[in-house]
Amino acid sequence: MQNMNMYNNTGLSLEFFHIQTNTSFDLPSHLGVMLIGKPHEQGLPDIDVSTLPDADVVSRLHAQVRVEGGNYFIEDLGSANGTFINDIRLEPKTPYQLNLGDKIDLGQGAKVTFVFQNKLHIQSSIVTTSIQHQAFENSKVTSVDTTSKFLGLVLIGTGIIILTANIQVGMFFRIPGILLCGAGIFVLCQKRINRNLGWILIAFGIAVIIFTGNIFASTNLLILLSSSVLLFAGYQLLTTGQILGYSWRSLKGVIKK
């Protein structure tokens with residue numbers, strides 16, 4: 001046998017953890033030999049991967065895991081696409097000892113990938129990772145301070161007012177667009193309402209203002225650019241607390257210089 005470190009796994013609850021789907025396959029030591037593959041003429045494998053994504057790269061009789069004296073060995077059974085441990089292809093019909101943390105790929109391209117792990121360790125890692133990910137997502141949502149949000153709304157409102165005031169069109173046409181933009185800003189201020197609805201209302205309001213007035217004949221390029229810059233800067237402050245990577249505090253310092 002190759003890779004004979006004789007690392008003993010007695011007493012551990014071991015499994016193959018499938019990376020692509022976050023599912024696991026138990027490796028009970030009392031079985032002695034566990035076949036890996038897909039259903040075939042002789043019956044079902046102990047570890048059936050036929051329902052996993054990209055299972056077409058796995059042979060019906062792909063590999064087997066053998067348990068000897070508390071040690072786990074994996075052996076490729078002459079599969080068409082090979083078996084890999086830590087990106088090294090195994091020689092067919094040759095047992096290799098598995099150590100905790102080893103990455104096993106069935107077939108080329110890392111499409112069906114397992115990690116040989118202690119089951120308790122895996123579950124703990126998943127819970128910890130999930131909590132950390134949730135905390136990170138929550139921190140991203142609440143990272144924009146109140147002042148930045150307020151300034152963002154002010155800039156968006158100012159941009160809409162400048163654009164509306166410089167389009168030569170009667171108030172009868174302006175009012176619907178202004179109301180829609182105002183409703184959009186109101187929605188952006190509400191925590192319980194999806195922000196996307198606010199942006200849709202603002203965009204629709206601006207569209208109403210533009211298409212009900214002769215904008216290109218009545219508004220010069222400078223006004224359009226100014227309004228666009230204010231809308232963009234307001235959107236950046238409202239959603240990220242920064243404008244092109246700079247916070248309003250750092251921009252204030254740059255202006256003073």
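Over region 53-98, the Kirkwood radius and the radius of gyration, each from Cα atoms, give a ratio Rg/Rh of 0.99.
Label separation (SER13 vs LEU197): 4.5 nm, computed from points 7 Å beyond Cα along the C-beta direction. Note on exposure: THR240, THR158 ranked by accessible area (1.4 Å probe, complete protein assembly) read THR240, THR158, with the most exposed listed first. Between LYS119 and VAL229, the simple spin-label model (points 7 angstrom out along Cα→Cβ) gives 6.4 nm. Summing +1 for each Lys or Arg and -1 for each Asp or Glu among the other residues whose beta-carbon sits under 11 angstrom from that of PRO92 gives -1.
With every protein chain in place, what's the accessible area of TYR235 (1.4 Å probe, Å², nearest 10)? Roughly 100 Å² of TYR235 is accessible to a 1.4 Å probe.
The residues SER79, SER24, sorted by heavy-atom accessible surface at 1.4 Å with ligands and nucleic acids left out, run SER24, SER79 from largest to smallest.
Between THR146 and THR94, the FRET efficiency from the beta-carbon distance, with R0 = 45 Å, is close to 0.10.
Based on the Cβ-Cβ distance from PHE204 to THR21, what FRET efficiency comes out when R0 is 45 Å, to the nearest 0.05?
Working: r = 41 Å, r/R0 = 0.91.
Efficiency computed from Cβ-Cβ geometry: 0.65.
A probe of 1.4 angstrom, applied to the heavy atoms of all protein chains, finds ARG66 with accessible area near 80 square angstrom.
The values are calculated or read from the model by the stated rules, or taken from the named source; none is laboratory data. None of these values were measured; they are calculated from a predicted model. Glycine also receives a Cβ, built like all others from the backbone with ideal geometry; neighbour counts cover every protein chain displayed. Surface areas here come from the heavy atoms of the whole protein model, side chains and all, with no ligands, DNA or RNA. Shrake-Rupley method; radii C 1.70, N 1.55, O 1.52, S 1.80 Å.
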